[in-house]
1. Working only within the stretch 76-101, note down all residues that are touching a residue at least 24 places away in the same chain (Cβ under 8 Å) and either farther than 30 Å from LYS174 by Cβ or among the acidic types (Asp, Glu) (or both).
2. If we scan the stretch 51-64, do we find a residue that is modelled with pLDDT under 80, within 30 Å of the chain's Cα centre (by Cα) and surrounded by 15 or more Cβ atoms within 10 Å (Cβ to Cβ)?
3. Looking at (1) at pLDDT below 95; (2) touching a Lys or Arg at 6+ places or on another chain (Cβ under 8 Å); (3) among the hydrophobic types (A, V, I, L, M, F, W, C), can you tell me which one CYS165 breaks?
4. Do the conditions hold for ILE15, that is, is it of a type in the set (A, V, I, L, M) and modelled with pLDDT under 75?
Amino acid sequence: MKLNYINKIKANISIFSTKKTTNILEGTYKSVYKGKSMNFENLREYVINDDIKDIDWKSSARTGTLLVKQFISEKKHNIMLLMDTGAKMDADTDMHESKKEIALYTAGTIGYLAIKNSDYIGMIYSKENGIQYEPFRYNLYNLEQYLENYDKYAFSGGTNINDICEYIYKNINKRMIIFIITDLAGLDSIESKKLKQLSQIHDVLIININDNYMFGHDIYDIHDNDYIPEMLLKDKKLNNIENEIRSELLKKNKNKLKKNNISMTSISSIKDINSQIIGLLEEHRYASSK
């Protein structure tokens with residue numbers, strides 16, 4: 001099998017790495033589980049900024065020195081890519097790039113880093129006849145196949161993304177880092193209760209792929225299979241209404257995520273994927289350490 005998707009993703013990471021520290025993506029990824037799924041290694045002296053919850057009070061009292069427990073990460077993580085599907089993911093972003101392409105590149109980048117870190121990668125999405133669950137594997141050929149399948153089968157309708165969250169909660173009995181790759185409409189469709197259920201067991205991170213705006217030139221409506229009339233695209237009143245609706249929807253969903261201690265980033269262009277993933281992982285690590 002040719003690694004067509006993987007080779008493009010490796011090239012994109014390589015371009016990014018010339019601007020940043022060579023292994024910054026891998027280094028950031030490895031620290032995602034801080035405070036969770038860690039194994040006790042030994043004791044060491046307390047230093048400023050250590051989490052007071054890690055202090056071993058019994059050992060400290062016995063030795064007369066303030067000691068903290070030092071942890072190491074589990075060797076294997078299960079990384080689940082929960083992918084949004086349907087016609088809306090065939091649309092463009094506000095940077096006029098394909099949402100589907102960005103979803104593929106984003107999933108591929110996370111998957112590539114996971115496998116390079118000797119972790120397992122799985123994928124789940126809906127297609128016409130139900131939910132497709134690609135089991136956890138640990139090589140690039142499996143990841144390539146998962147990306148191909150998503151590209152080929154996942155855009156003919158199917159299950160609501162909230163139902164996929166329910167499926168994971170009821171059927172997959174593994175501790176996971178779940179990356180939900182969706183758009184604002186998809187995020188809005190996920191019930192707060194469902195996010196709470198998942199985040200109590202797993203690490204959950206959201207990647208929002210921005211939608212195009214109904215303002216400008218040559219905007220195609222994927223639902224009506226036609227271009228939106230120019231007179232509507234130039235209507236500033238309609239543009240202001242659209243901006244207000246999006247702003248309120250984004251605020252509502254950010255509050256939903258904050259309540260469940262879930263981090264989110266937004267992506268509009270392939271060139272932004274690497275930096276946005278780094279920012280998301282850093283934000284999640286900081287939130288997990290609180």
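1. ASP84, ALA87, ASP90, ALA91, ASP92, THR93, ASP94, MET95, HIS96, GLU97, GLU101
2. Taking every residue of the stretch 51-64 in turn, none turns out to be modelled with pLDDT under 80, within 30 Å of the chain's Cα centre (by Cα) and surrounded by 15 or more Cβ atoms within 10 Å (Cβ to Cβ).
3. (1)
4. Working: of a type in the set (A, V, I, L, M): yes; modelled with pLDDT under 75: no.
So ILE15 fails the test.
Here's the yes/no breakdown for (1) of a type in the set (Val, Ile, Thr); (2) at pLDDT 70 or above; (3) more than 26 Å from the chain's Cα centre (by Cα):
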residue	(1), (2), (3)
ILE228	yes, no, yes
ASN240	no, yes, yes
LEU249	no, yes, no
SER263	no, yes, no
SER269	no, yes, no
ILE277	yes, yes, no
GLU282	no, yes, no
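The values are calculated or read from the model by the stated rules, or taken from the named source; none is laboratory data. For clarity, every value in this text was computed on a predicted model and none was experimentally measured. Every residue, glycine among them, receives a Cβ derived from its backbone with ideal geometry; neighbour counts consider all protein chains shown.
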